[in-house]
Amino acid sequence: MKETPLSNCERRFLLRAIEEKKRLDGRQTYDYRNIKITFGTDYGCCIVELGKTRVLGQVSCELVSPKLNRATEGILFFNLELSQMAAPAFEPGRQSDLLVKLNRLLERCLRNSKCIDTESLCVVAGEKVWQIRVDLHLLNHDGNIIDAASIAAIVALCHFRRPDVSVQGDEVTLYTPEERDPVPLSIHHMPICVSFAFFQQGTYLLVDPNEREERVMDGLLVIAMNKHREICTIQSSGGIMLLKDQVLRCSKIAGVKVLEITELIQKALENDQKVRKEGGKFGFAESIASQRITAFKMEKAPIDTSDVEEKAEEIIAEAEPPSEVVSKPVLWTPGTAQIGEGIENSWGDLEDSEKEEDDGGSDEAIILDSIKMDTREVSNIGSQDAPIVLSDSEEEEMIILEPDKNPKKIRTQTISAKQEKAPSKKPVKKRKKKRAAN
């Protein structure tokens with residue numbers, strides 16, 4: 001399904017707002033959207049929300065054989081998926097140009113920048129190394145996918161813990177988390193992508209464009225940088241010509257934004273680690289508000305049950321003894337009554353529907369009585385000497401009812417006028433045939 005194109009009115013409105021240094025969501029030119037980081041129950045799972053753009057990151061590991069030309073280095077693999085759940089324009093099972101470009105940019109940003117010590121992932125040189133796989137799933141698309149994906153990838157890598165391993169001779173022992181604590185990855189720095197959108201052939205500049213702003217932009221500049229102001233990668237797309245001063249200005253802005261995002265990531269990781277040690281609520285359950293009706297949770301109230309028996313005895317002693325007189329049934333409304341032991345059942349007035357049913361039953365009883373009377377009259381008539389003839393059709397049985405005798409059946413035939421004329425014609429035809437023969 002293709003995305004719905006913007007109309008000319010929407011395009012002109014967006015460009016006019018950018019010229020006046022205004023944005024639809026109320027941000028300034030260099031403002032980022034709110035970033036929210038939540039962690040899953042397992043290590044290496046996180047969700048990053050950049051405004052309404054949401055990316056799920058999951059890191060997994062596996063012991064594999066190393067590459068022939070790098071026998072002492074581990075393997076890093078990055079995979080970004082764009083599903084139709086994020087936007088209907090993304091086609092499943094097909095790698096679009098956007099997906100290929102994003103995957104290559106992520107690999108250059110995280111793998112080629114040597115942010116992770118791959119030599120620490122080696123278990124046995126030339127035989128066993130760790131393969132770290134980072135899967136990124138776009139849950140909702142509202143612009144600036146690369147920034148949200150880079151943040152999700154580096155956060156998931158920092159949060160991930162691999163199982164501990166020991167080597168004795170040729171034997172490699174893999175320990176479970178219960179036997180030994182998992183080992184975090186060795187990360188040198190955290191490269192983060194910052195996107196800049198250019199409009200009117202580079203005249204206007206916006207940081208962190210949303211989905212509608214990406215549709216009307218002329219070009220995009222992505223700068224990957226760490227908090228030490230070291231540029232890891234830079235990419236320009238869209239075919240616009242940028243001046244040296246514009247690139248330098250974008251790099252200075254990226255340095256400030258990367259420093260703020262790095263502090264936010266470190267703070268989120270510290271809070272999650274602190275909560276896990278204290279045994280509190282962590283993971284995606286932390287983002288569920290307990291005040292909402294969808295939480296299905298109530299706070300436990302402390303109850304003191306130390307002196308329950310004493311209080312119960314006091315209440316029983318102060319209470320009045322029950323009365324021995326049984327109260328009479330009281331009809332509060334028509335159609336209700338009280339039934340109990342030793343009391344007769346009493347019912348109120350019947351409802352209108354019940355009355356109608358009773359009236360209908362009485363009518364049926366009257367009809368049945370009338371039918372019985374008719375049968376009695378017929379039997380009285382049959383007891384007389386005169387026979388009764390019942391006839392309905394042209395040819396039927398006649399029953400003569402006589403007292404003290406078995407009924408005799410006599411079959412009569414009623415002949416119509418047409419049947420009387422038929423035999424007179426037949427001999428005429430025979431005569432004509434005889435004359436013809438003579």
Within the stretch 1-45, work out how many residues are β-branched (Val, Ile, Thr) and under 13 Å from Leu206 (Cα atoms). 2
Restrict the check to the stretch 240-253 and report whether at least one residue is touching a helix residue (DSSP H, G or I) at 6+ places or on another chain (Cβ under 7 Å) and over 30 Å from Glu119 (Cβ atoms). no
Can you tell me how many residues in the stretch 88-111 are assigned to a loop (DSSP other than H, G, I, E, B) and surrounded by 16 or more Cβ atoms within 10 Å (Cβ to Cβ)? 1
Can you spot a residue in the stretch 25-36 that is touching a Phe, Trp or Tyr at 6+ places or on another chain (Cβ under 7 Å) and modelled with pLDDT of 90 or more? no
How many of the residues making up the stretch 51-81 are among the small types (Gly, Ala, Ser) and closer than 19 Å to Ser150 by Cα? 3
Members of the stretch 182-201 that are open to solvent by less than 40 Å² (accessible area, probe 1.4 Å) and within 18 Å of Glu20 (Cβ to Cβ): Ala197, Phe198, Phe199
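Considering only residues that are in a strand (DSSP E or B) and of a type in the set (Lys, Arg), look in the stretch 161-181 and name the one that is surrounded by the fewest Cβ atoms within 10 Å (Cβ to Cβ). Please lay out each step first, then the result.
Keep residues of the stretch 161-181 that are in a strand (DSSP E or B), which gives 161-162, 165-168, 171-174.
When the remaining residues are screened for being of a type in the set (Lys, Arg), the result is 161-162.
Numbers: Arg161: 16, Arg162: 22.
Only one residue tops the list, namely Arg161.
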Search the stretch 122-134 for residues being in contact with a Leu (Cβ under 8 Å, 6 or more places away or on another chain) and open to solvent by less than 40 Å² (accessible area, probe 1.4 Å), and hand back the single one that is farthest from Val64 (Cα to Cα). Val134
Could you please tell me which pairs satisfy a Cβ distance under 6 Å, a separation of 6+ or placement on different chains, a first residue in the stretch 88-114 that is modelled with pLDDT of 90 or more, and a second residue that is exposed (fewer than 12 other Cβ atoms within 10 Å of the Cβ)? none
Does the stretch 307-322 hold any residues that are at pLDDT below 80 and open to solvent by 100 Å² or more (accessible area, probe 1.4 Å), and which are they? Glu320, Pro321, Pro322
Within the stretch 209-230, does at least one residue satisfy the condition of being exposed (fewer than 13 other Cβ atoms within 10 Å of the Cβ) and either in contact (Cβ under 8 Å) with a residue 60 or more places away in the chain or in a strand (DSSP E or B) (or both)? no
Meets criteria (aliphatic (A, V, I, L, M) and either part of a loop (DSSP other than H, G, I, E, B) or at pLDDT 95 or above (or both)) for Leu242: yes
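The values are calculated or read from the model by the stated rules, or taken from the named source; none is laboratory data. Every value quoted in this text rests on a predicted model; they were computed, and no experiment measured them. Virtual Cβ from ideal backbone geometry, glycine too; neighbours counted across all protein chains shown. Keep in mind that these areas ignore ligands, DNA and RNA; they rest on the heavy atoms of the full protein, side chains included. Shrake-Rupley method; radii C 1.70, N 1.55, O 1.52, S 1.80 Å.
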